[in-house]
Structure formats: C-alpha cells, structure tokens
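Some notes on the structure that comes next.
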Amino acid sequence: MNNGKITFGWDLCYTCNYRCPYCGVWEQKSGKDILLSPQEWRHIWHDLYKKYGSAHIFVSGGEPSTYPDFFELARMLSDEHTLEICTNLSWDTDKLIPEISNNVLRIAPTFHPAFAKFEEFFERAVRIKEYLPNFQIYYVAYPGQIEEMPERSRKFKKEGISLIPLPLRGNGFVLNSEAEKKIVEEVSPYKGEKLLYQLQRISPKGRLCRAGQHYAVIRTDGRVDRCSQYSDGSVGNILDKDFMLYKEPLHCIKDYCPIESQWILENE
Ligand code: SF4
C-alpha cells in the first residue's frame, strides 16, 4: 500500500481504553497533556504533504481511537495520505468504513485477550478483512495467552487471515523463553531475517538502515525518532519549519530490531 512513499509511524496519544499487563504505554500520562490539537496535526500533515508528497501514516499510540476527534482527523488526513490504524479494534469501524476506501485506509488490529473476547474480535476482524494490511492481525506472545495462539491462528487461517505473533519485549530485549519462541516460529508466517530480528536471534548493530530517511516515528509532542527503538529525537521536531528527514541511510547502534527491520539495507 505504501508504494515507495515515505512512511511515518505516529504516536498520536498514550491513552488507551485497555490496561494490558504487557504494555506500559497506557501508564504514560498523555490523558491530560495532549500537546497538539487535531487542527495542529492537520497543518503538520499538510506541510509534510507539500514537502514529501503523499505519505503512508501508521498511526498508533496508546489506542488512537481514544484521541479526541480521531475519526474526523482520520477523514481529513485520508484526503492527502494513506492511513494505517494500529488498534485494539474496540471501536465501531462503521465510522470510517466504507466511507474511506481500502485504497487509502488500512486497519491493523491486535487481539488483547485480557480485554477482548476472541469470538467478538474474530468476527470484527473477518468483517473488515478487505481493510486488514496483507490480511493480517497481531497477537502478543505473552505467557498467559500463548498456548491458545496456534488454535486461534488456525481459525483465522480458514478465513484467509494470518495471525502475526508479536514477541514479548521489555527493556530492549525479547522476554520469551525458548519454548515460547518456538511457538512463535511455528505460528508466524514470517521467515528468514524478519523473524530472526523479531526474536533477537540476530542484531542490527552496525547495519545501514533507511529508518530516519524513508521512515521515521513522530511522537505525541512532535519529536521525531528514527524508529520505535530510538527515543533521542535525533531526526528533529516536526514543529520545526525546516524539518528534514535524513538525506542518507545511517548505521544502527541498537542491539534489537523487533519491528521495523524492513528498513535495513540488504546488500551493504
Ligand atoms: S536497524 Fe532496526 S532498530 Fe536499527 S535503526 Fe533500523 S529499524 Fe531501527
């Protein structure tokens, strides 16, 4: 869907209507302190459109649908950009579907068993199948819910949907045991380097990577990081009128690349 466009990850808010035991994002305090309003974001994304053309925006959080006026904001942004919403799928998707076409909008749901019933999540995901990115849904490989993962994966597969296990992470490391990693390997449709990076079997350190150049992550206050693993704002601030992405790929200094390894250059 991104067709060679610049891709931006975007932490819109850190609020969430769930309290999953493996996620500390909802403990961050953006409930009261959303720094940028929908109008400000609209201007920012319009300026980025003028600078880089239509971008692919991967909006995440927290749960983006808990941001005030989220649906109005999503409609506005989809005039100029393509939008992918990382969500727990607890909201009414009729608010955006079918009004916005699946050429422009994708919905990337993660199942959270502590707060959602599987049957309900399953039905909702199947109903919006044409809007799922690559017909995929996500599932955190948390010890308390990993046993059910293979069966749930089979059920989705019958509907032509892939369940993507997300290894459990904390403090820059993968936290799953070897036995749990094996389940992830068996269930995951990913093979090769993508899976090896996810499970921290290989390190990105020293690799040239286009994160920061063709891709970057915008935080709630406008700071921009290379990818989700960095939090130094080294790409700049989106509120700066002279904001520019890196001009070239740079070496990675991290030990773990759990999510965005597709930006690593293959033949350096
Ligand atoms: S290799 Fe991975 S962790 Fe390193 S900059 Fe690229 S995307 Fe980020």
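The values are calculated or read from the model by the stated rules, or taken from the named source; none is laboratory data. Please read all numbers here as calculations on a predicted model, not as lab measurements. All Cβ positions, even for glycine, are placed from backbone atoms using ideal geometry, and neighbour counts span all protein chains on display. The protein model used for the area step is the full one, side chains on, heavy atoms only, and it has no ligands, DNA or RNA in it. Shrake-Rupley method; radii C 1.70, N 1.55, O 1.52, S 1.80 Å.
As for segment 83-106, it holds no residue that is touching a residue at least 40 places away in the same chain (Cβ under 8 Å), of a type in the set (Val, Ile, Thr) and out of contact with any Leu (no Cβ under 7 Å at 6 or more places or on another chain). Apart from one condition, Ser228 fits all of (1) part of a loop (DSSP other than H, G, I, E, B); (2) more than 26 Å from Phe111 (Cβ to Cβ); the exception is (2). Only a single criterion out of (1) open to solvent by 30 Å² or more (accessible area, probe 1.4 Å); (2) touching an Asp or Glu at 6+ places or on another chain (Cβ under 9 Å); (3) touching a residue at least 40 places away in the same chain (Cβ under 8 Å) is not satisfied by Ala55, namely (1). When segment 231-268 is filtered for residues that are more than 16 Å from the ligand (Cβ to nearest atom) and either under 14 Å from the mean Cα position of the chain (by Cα) or in a loop (DSSP other than H, G, I, E, B) (or both), the ones remaining, listed by number, are Ile238, Leu239, Asp240, Lys241, Asp242, Phe243, Met244.
For Val174, the conditions (1) in contact (Cβ under 8 Å) with a residue 40 or more places away in the chain; (2) within 25 Å of Lys51 (Cβ to Cβ); (3) within 14 Å of the ligand (Cβ to nearest atom) all hold with the exception of (2). Scanning segment 200-225 for residues that are more than 14 Å from the ligand (Cβ to nearest atom) and surrounded by 18 or more Cβ atoms within 10 Å (Cβ to Cβ) yields Ile218, Arg219, Thr220, Gly222, Arg223.
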